Amino acid sequence: MIRYINVKSRTRTEFIDITEKVQELLKEAGLVSGIGYLYVPHTTAAVTINEGADPSVQRDILTVLNRMIPFEGDYLHKEGNSSAHIKASLIGPSLSVMIDEGRLVLGTWQSVFFCEFDGPRHRRVAVKFLSDKKMP
Ligand code: ZN
């Protein structure tokens with residue numbers, strides 16, 4: 001079963017913390033132990049895990065990405081959003097997070113982020129939970 005998280009981005013590039021939404025889906029699924037697999041079915045968005053405590057970190061990552069991969073450049077892609085495609089490939093379309101005792105296994109400062117690179121748009125993240133609990 002694939003579950004979905006709906007995300008609405010508000011700006012061209014932004015990180016959106018989806019940790020609580022993933023945790024809610026996990027609670028609904030009732031999984032105790034295993035792996036959560038997140039996948040973004042978009043070509044100009046990504047998912048990553050990084051610091052959630054200080055929003056400056058997300059801003060710094062975006063600032064550097066936007067500097068490294070400018071919006072305008074010597075791009076061939078006619079749609080005009082090549083920088084978003086490149087950023088999406090760099091960060092990546094998926095990630096895995098371990099699950100233990102019904103919770104995502106994240107470090108104190110870690111959060112799960114949806115990364116928008118061509119917003120604002122309505123997006124979604126596909127989530128699959130796999131259990132490793134053995135039969136009693
Ligand atoms: Zn495009």
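Residues in the range 118-133: is at least one more than 14 Å from residue 15 (Cβ to Cβ), touching a residue at least 60 places away in the same chain (Cβ under 8 Å) and of a type in the set (Phe, Trp, Tyr)? Yes, the range 118-133 contains at least one residue that is more than 14 Å from residue 15 (Cβ to Cβ), touching a residue at least 60 places away in the same chain (Cβ under 8 Å) and of a type in the set (Phe, Trp, Tyr). Restricting attention to the range 1-21, the residues that are in contact (Cβ under 8 Å) with a residue 12 or more places away in the chain, more than 10 Å from residue 128 (Cα to Cα) and not polar (S, T, N, Q) add up to 11. Being surrounded by 12 or more Cβ atoms within 10 Å (Cβ to Cβ), among the acidic types (Asp, Glu) and within 16 Å of the ligand (Cβ to nearest atom) holds for only one residue in 74, 118, and it is 118.
So for the range 80-90 (the condition being under 29 Å from residue 129 (Cβ atoms), at pLDDT 95 or above and loosely packed, with under 15 Cβ neighbours inside 10 Å), does at least one residue qualify? Yes; the residues of the range 80-90 include at least one that is under 29 Å from residue 129 (Cβ atoms), at pLDDT 95 or above and loosely packed, with under 15 Cβ neighbours inside 10 Å. Listed by position, the strands (runs of 3 or more DSSP E) enclosed by the range 3-61 that each have at least 2 residues that are modelled with pLDDT of 95 or more and within 16 Å of the ligand (Cβ to nearest atom) are 45-51. The set of residues in the range 78-106 being part of a loop (DSSP other than H, G, I, E, B) and either within 15 Å of the ligand (Cβ to nearest atom) or touching a strand residue (DSSP E or B) at 6+ places or on another chain (Cβ under 9 Å) (or both) consists of 78, 79, 80, 81, 92, 93, 105, 106.
Filtered by the rule that a residue be surrounded by fewer than 15 Cβ atoms within 10 Å (Cβ to Cβ) and on the phi < 0 side of the Ramachandran plot, the range 22-32 gives 24, 27, 28, 32.
The values are calculated or read from the model by the stated rules, or taken from the named source; none is laboratory data. These figures come from a predicted structure and were not determined experimentally. Positions of Cβ are generated from backbone atoms using ideal geometry, with glycine treated the same way; all protein chains shown enter the neighbour counts.
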